[in-house]
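One structure is given here, and the rest of the page talks about it.
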Amino acid sequence: LSQLFWNSSTQQTQVQVQAFTQQQVQAFNHLARTKATSKSNVLFLSSSSNDDDDNVVEIPPPKDMTFTPYNIERQMQNFINIRQVGGPLDTVNDVYVRDSTASTDGGNDDLFWFVGKVARCGTVSIEQTIQRQWYLIEQHACRLRPIELGKKFGKGLALEIWVAPPDSELDVAYNKPQIKFQKIEKKDDYCIQSVKSVEVGFEGEVYVDGEDGFRTLRNPVDGSPKKGEIIQDMDSLKRQATENEMDQLMEVLQSKTFKDESK
């Protein structure tokens, strides 16, 4: 099965992956120089709600999911191969990361940041897909948003990973109620024994041309939209989009257009 995925990539796809990965690595290397993710080799789990060092247990991540260019490119290649073979509907999910403790710092803990997409083979659950790649996804999110998320890296279970249906960014931006988010619980063993790295993939979000980054306000309990559905019908009972929301919708459209053209 793994050989099928690797052999299915064409030369065009390989060139695309290399170019897109170079963009990622350049952006990540720049953000990695910030102090937000200085503890880059160990994931920290807290046994209690306080941040006392005595209550922190260090759990080394799997080497094949450490944040290196090789691992990033391999998991992106896996993502493309799995998506091509299985199609997005049954294999792909969008990924969001939330800082569950943001309100304690005067921030917004119902803010969910879009950080990329995952893909999986049919024998792997969405929970295992995230758990196997947890460290890579978390590191990516912290570098993507060093201010909002990076400062919480290593703070117990402050950062949460949620998934949404595949390619649903526009529906999420319009607050469509049928789009359900699912919170994934972290697993300490990273599913190393049950899931091979080739069975899952991750395509990290990349900001282009200074885009601000896609985020959405959701209920932190069940992941439902915090605001009503947006619709452009003036006679509808549903509310109209605010100016800021329209700017964000245009940003999502432009981002999707760029990424569609690069495929």
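The values are calculated or read from the model by the stated rules, or taken from the named source; none is laboratory data. Computed from a predicted model, the values in this text were never measured in an experiment. Cβ coordinates were reconstructed from backbone atoms using ideal geometry, including for glycine residues, and neighbour counts include every protein chain displayed. Areas reflect the complete protein model, heavy atoms only, side chains present, ligands, DNA and RNA absent. Shrake-Rupley method; radii C 1.70, N 1.55, O 1.52, S 1.80 Å.
Only one of (1) closer than 24 Å to Arg120 by Cα; (2) modelled with pLDDT of 95 or more; (3) in contact with a Phe, Trp or Tyr (Cβ under 9 Å, 6 or more places away or on another chain); (4) buried (at least 18 other Cβ atoms within 10 Å of the Cβ) fails for Ser197. Which number is that?
(3)
Quick check on my filter: what residues within segment 86-117 are among the aliphatic types (A, V, I, L, M) and at pLDDT 95 or above?
Restricting attention to segment 86-117, the residues satisfying the condition of being among the aliphatic types (A, V, I, L, M) are 89, 92, 95, 97, 102, 111, 115.
Of everything in segment 86-117, those that are among the aliphatic types (A, V, I, L, M) and at pLDDT 95 or above turn out to be Val92, Val95, Val97, Leu111, Val115.
Only one of these conditions is not met by Cys142: (1) over 14 Å from the mean Cα position of the chain (by Cα); (2) open to solvent by less than 10 Å² (accessible area, probe 1.4 Å); (3) more than 14 Å from Phe114 (Cβ to Cβ). Which number is it?
It fails just one condition, (1).
Please enumerate the residues belonging to segment 126-139 that are of a type outside the set (A, V, I, L, M) and either part of a helix (DSSP H, G or I) or surrounded by fewer than 23 Cβ atoms within 10 Å (Cβ to Cβ) (or both). Don't jump to the end; show me each part of the working.
From segment 126-139, those of a type outside the set (A, V, I, L, M) are 127-129, 131-135, 138-139; that's our starting set.
Once the filter is applied, which keeps residues that are of a type outside the set (A, V, I, L, M) and either part of a helix (DSSP H, G or I) or surrounded by fewer than 23 Cβ atoms within 10 Å (Cβ to Cβ) (or both), segment 126-139 yields Glu127, Gln128, Thr129, Gln131, Arg132, Trp134, Tyr135, Glu138, Gln139.
Looking at segment 67-74, is at least one residue touching a helix residue (DSSP H, G or I) at 6+ places or on another chain (Cβ under 8 Å), surrounded by fewer than 15 Cβ atoms within 10 Å (Cβ to Cβ) and outside any strand (DSSP E or B)? If you could, list the steps in order and put the result at the bottom.
Our first condition is that a residue be touching a helix residue (DSSP H, G or I) at 6+ places or on another chain (Cβ under 8 Å); within segment 67-74, this holds for 67, 69, 71-74.
Filter again for surrounded by fewer than 15 Cβ atoms within 10 Å (Cβ to Cβ), leaving 69.
This time we only want the ones that are outside any strand (DSSP E or B), so: 69.
Yes, segment 67-74 has at least one match.
Of the conditions (1) of a type outside the set (A, V, I, L, M); (2) open to solvent by 10 Å² or more (accessible area, probe 1.4 Å); (3) modelled with pLDDT under 95, Glu160 clears all except one; give me its number.
Status for Glu160: all satisfied but (3).
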